[in-house]
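Q: This is the structure I have questions about; it appears just below.
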Amino acid sequence: MFRKALRGTVQVNGADIARDAELVVLETEGTDIRLDANNEAIVLLLSGEPIEEPIVGYGPFVMNTEEEIRQAMQDFQRGDFGQIAD
């Protein structure tokens with residue numbers, strides 16, 4: 001699970017402090033999370049099952065390797081992802 005402070009300042013589980021646009025990654029153990037906003041804040045909280053695979057991200061692309069990222073970018077530039085309908 002991870003959460004991101006989009007705006008404001010938030011303390012996570014009484015320890016980590018996230019400020020504007022900072023990311024906090026939480027461990028998979030445990031059942032509770034505590035978020036304390038020190039001021040007006042907007043927070044994005046995401047959760048999911050670990051995929052146990054390497055992750056490489058670049059722009060809008062998320063793949064397993066840098067080579068796959070390069071290939072996705074080439075495919076996109078060639079128009080291999082299809083066309084947007086009018």
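The values are calculated or read from the model by the stated rules, or taken from the named source; none is laboratory data. Because the structure is predicted, anything quoted here is derived from the model rather than measured. Note that we place each Cβ from the backbone using ideal geometry, even for glycine, and neighbour counts take in every protein chain shown. These accessible areas exclude ligands, DNA and RNA; they are computed on the full protein's heavy atoms, side chains included. Shrake-Rupley method; radii C 1.70, N 1.55, O 1.52, S 1.80 Å.
Q: Along the charge dipole of region 7-86, which of 33, 55, 18 sits closest to the positive end, that is, farthest toward it, with unit charges on the beta carbon of Lys, Arg, Asp and Glu (+1, +1, -1, -1)?
A: Result: 18.
Q: Right, something else. Write down the accessible area per residue of region 1-67 in Å², having rolled a 1.4 Å probe over the full set of protein chains.
A: 78
Q: Under a 5 Å amide H to amide H cut-off, with H placed in plane at 1.01 Å, what residues pair with residue 43 once short-range neighbours are removed?
A: So residue 43 has HN proximity to 6.
Q: With each label point set 7 Å from Cα along the Cα-Cβ vector, what nm distance links residue 81 and residue 9?
A: It works out to 3.8 nm between the two label points.
Q: Further, regarding this structure: Which three numbers, in whole Å and largest first, are the semi-axes of the equivalent ellipsoid of region 10-86 derived from its Cα gyration tensor as √(5λ)?
A: Result for region 10-86: semi-axes of 35, 17, 11 Å.
Q: Helix 66-78 sits at what angle to the longest principal axis of the chain, using alpha carbons and giving 0 to 90 degrees rounded to 10?
A: Compared with the principal axis, the helix lies near 60 degrees.
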